[in-house]
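J.: Before I ask anything, here is the structure I am working with.
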Amino acid sequence: MKKIAVLLLLIALCLWQYERTFIAGDDPFLRSDYSKLRPVKINRVIPTKEIKQLQEIVSEAREKELKISIAGQRHSQGGHTYYKDAIVLDMTPFNKVLAFDEMAKTITVQSGATWADVQKYINPYGLAVKTMQSQNIFTIGGSISVNAHGRDIRNGSLISSVESFRLLGADGQIRNVSRLENAELFPLALGGYGLFGVIVDVTLSLTDDEVYEMTSETISTEAYSNYFLNQVKQNPDIHLHLARISVAPDSFLTDMYATNYSVREELPVTNYNQLKLKDTYVLPLKFLFGLNRSFDWAKNAFWDLQRHFLIGRSTILTRNNAMRSESDFMDYSSDTKNDLLQEYFIPVEHFEDFINHIKPILQEEQLNLLNITVRYVNHDEEASLSYAKSDMFALVCLFNTPLSKAAQARMTHGIQRIIDQLKTFNGSYYLPYAPFPSVEQFRTIYPKAEAFFQAKDQWDPQHLFMNQFYDDYRGH
Ligand SMILES: Cc1cc2nc3c(=O)[nH]c(=O)nc-3n(C[C@H](O)[C@H](O)[C@H](O)COP(=O)(O)OP(=O)(O)OC[C@H]3O[C@@H](n4cnc5c(N)ncnc54)[C@H](O)[C@@H]3O)c2cc1C
């Protein structure tokens, strides 16, 4: 009898989890983004096809006093791609490769192209992207507008590999923008969240595709900074690196594992360079990750499983394959909840202290933290809204949260307490995510924000290019 009851309970649990994982309700919102928060009514969405069309839209918006928002894949989470009553430009059809120079290792692409498009084009030539997110699903325009970063620890944030771009401004003019031409606009539009106009196309510098051996090892949060500085950064063979911090109750914020990609020059790229098309084990991982959202035992099991699959194993793969999606299993559909990212940058030397300070906050606030990935970004303050104030670790935190007003207020409270800790350690946070930090926190952490918004007034006096991020953080 007892056995049957347990069996029935297990079946019910599996059915419930199956429904939550695979059966999605319709999106009930008008226009939002990946976050599903704060939907608003917009004027219309226009798929972008050509430059002349873009110029006509800008001149129509100017005459009719309409606003324009710019959208790539809409994976930002703070209303960066839409605005009340605005025309929304869907840049994704605007995705051609315009020029490629194999010898100079450069490519020029329209801004709606994704990293996947770029990789597909350059892979046969033995070339690869220098810096991009850990997934290849994002548009180039969306990525340079947030100044993305990823697993590469040698090439800096994305801004370092941007040679130039063309920008369609509020006055309808298209300007070449580089470090030499219209140089004032370079650090404003790059990492400028679409507020300075439409980035039409971009020239990126590339690097060689190469073969890596991927290995992982366990480490404690206490030892991680020294490990990174002495064994990873000092080792010229390691080109890509990431780490994960345990969010499992049994090892919460104490255990980590680090994954390094070390170059294997003796192995020919052509033996390994077929581009990976699909992630493996997506369905079972998706199921388990779903349980991880709801149960502490599943968090422990998921952490053990990750380590079991990675520690002590070695995988040979190319750079282009290392820089492709590995998180289809995290896709999530629920009408009432969502997985939201927040990301904190902390100077390498303060990593352990910061972890020790946020641990009680996360526990007291009972935020449902699903994952923390750690990346490294080196000091780079070229962009006006740059996050890399020194050599820093980026802690990418994934929270599962209800979308209700009450739950969002709880998130706001918890996140603001974390940001207060960041301030004391001279850290910063990433801007493409939901606007939980306060205006005051934003202004302290981004001291160049005032100059950024003043430059916006100068280049776009009518405020033609708008989004919710502007309203949230302009401040007055
Ligand atoms: C699951 C997930 C994983 C992520 N991983 C990483 C990561 O590893 N590293 C990292 O740095 N970030 C990461 N991010 C954040 C991501 O890089 C940004 O959200 C990025 O903007 C997404 O690109 P997108 O094409 O979706 O841009 P969108 O969200 O569509 O747009 C982002 C911003 O760019 C502007 N924009 C878009 N196209 C143009 C254009 N042509 N001209 C002018 N402005 C434009 C938009 O107006 C908006 O302000 C991640 C986000 C998610 C959801």
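J.: For the stretch 237-246, name all the residues that are farther than 11 Å from Lys359 by Cβ and of a type in the set (Val, Ile, Thr).
T.: Of everything in the stretch 237-246, just one residue is farther than 11 Å from Lys359 by Cβ and of a type in the set (Val, Ile, Thr), namely Ile238.
J.: Residues that are within 16 Å of the ligand (Cβ to nearest atom): list the strands (runs of 3 or more DSSP E) wholly contained in the stretch 170-257 that include at least 1 such residues.
T.: The qualifying strands (runs of 3 or more DSSP E) are 174-178, 198-208, 238-245.
J.: Now a separate question. Give the stretch 430-476 a look and list any residue that's under 23 Å from Glu65 (Cβ atoms) and of a type in the set (D, E, K, R), or say none.
T.: Lys456, Asp457, Asp460, Asp471, Asp472, Arg474
J.: Is there a residue being buried (at least 22 other Cβ atoms within 10 Å of the Cβ), at pLDDT 95 or above, within 14 Å of the ligand (Cβ to nearest atom) and not acidic (Asp, Glu) anywhere in the stretch 400-415?
T.: The answer is no; no qualifying residue exists.
Every residue, every condition in (1) away from the ligand (no atom under 11 Å from the Cβ); (2) touching a His at 6+ places or on another chain (Cβ under 8 Å); (3) not in a strand (DSSP E or B), yes or no:
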{"residue": "Gly79", "(1), (2), (3)": "no, no, yes"}
{"residue": "Tyr82", "(1), (2), (3)": "no, no, yes"}
{"residue": "Ile107", "(1), (2), (3)": "yes, no, no"}
{"residue": "Ala116", "(1), (2), (3)": "yes, no, yes"}
{"residue": "Asn123", "(1), (2), (3)": "yes, no, yes"}
{"residue": "Ser143", "(1), (2), (3)": "no, no, yes"}
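J.: Here's another thing I want to ask about it. Which one is farthest from the ligand (Cβ to nearest atom), of the residues in the stretch 84-102 that are farther than 20 Å from Leu66 by Cβ and of a type in the set (Val, Ile, Thr)?
T.: Filtering first and then ranking leaves Val97.
J.: Then there's this: Do we find that Met392 is within 20 Å of Phe354 (Cα to Cα), aliphatic (A, V, I, L, M) and touching a strand residue (DSSP E or B) at 6+ places or on another chain (Cβ under 9 Å) in this structure?
T.: So Met392 passes the test.
J.: Looking at Gly126, is it of a type in the set (Gly, Ala, Ser), on the phi > 0 side of the Ramachandran plot and modelled with pLDDT of 95 or more?
T.: Details: of a type in the set (Gly, Ala, Ser): yes; on the phi > 0 side of the Ramachandran plot: yes; modelled with pLDDT of 95 or more: yes.
Yes: the conditions hold for Gly126.
J.: Give the residues of the stretch 145-159 that are within 9 Å of the ligand (Cβ to nearest atom) and either touching a residue at least 40 places away in the same chain (Cβ under 8 Å) or basic (Lys, Arg) (or both), sorted by residue number.
T.: Ser145, Val146, Asn147, His149, Gly150, Arg151, Ser157
J.: Count, please, the residues in the stretch 33-49 that happen to be more than 14 Å from the ligand (Cβ to nearest atom) and in contact (Cβ under 8 Å) with a residue 24 or more places away in the chain. Before you say what the answer is, go through the steps one by one.
T.: The first filter runs over the stretch 33-49 and keeps only residues more than 14 Å from the ligand (Cβ to nearest atom), leaving 38-41, 43-44.
With the extra rule that they be in contact (Cβ under 8 Å) with a residue 24 or more places away in the chain, the set shrinks to 38, 40-41, 43-44.
Going through the stretch 33-49 one residue at a time, the tally reaches 5.
J.: Which residues, taken from the stretch 64-77, are near the ligand (Cβ under 9 Å from one of its atoms) and outside any strand (DSSP E or B)?
T.: Matches in the stretch 64-77: Gly72, Gln73, Arg74, His75, Ser76, Gln77.
J.: Listed residues Leu195, Leu267, Leu206, Leu229; which is within 30 Å of Asp457 (Cα to Cα) and touching a residue at least 12 places away in the same chain (Cβ under 8 Å)? Even if it seems obvious, please write down each step before you answer.
T.: Details: Leu267 fails: within 30 Å of Asp457 (Cα to Cα); Leu206 fails: within 30 Å of Asp457 (Cα to Cα); Leu229 fails: within 30 Å of Asp457 (Cα to Cα).
Only one candidate passes the filter, namely Leu195.
J.: For the stretch 299-308, check the following and say yes or no: at least one residue is farther than 24 Å from Leu367 by Cα and in a loop (DSSP other than H, G, I, E, B).
T.: No, the stretch 299-308 contains no residue that is farther than 24 Å from Leu367 by Cα and in a loop (DSSP other than H, G, I, E, B).
J.: Now for a separate question. Give just the number: which of (1) surrounded by fewer than 16 Cβ atoms within 10 Å (Cβ to Cβ); (2) closer than 21 Å to Ser246 by Cα does Leu283 not satisfy?
T.: It fails just one condition, (2).
The values are calculated or read from the model by the stated rules, or taken from the named source; none is laboratory data. All of these numbers come straight from a predicted model, not from anything done at the bench. Using ideal geometry, Cβ is built from the backbone for each residue, glycine included, and neighbour counts are taken over all protein chains shown.
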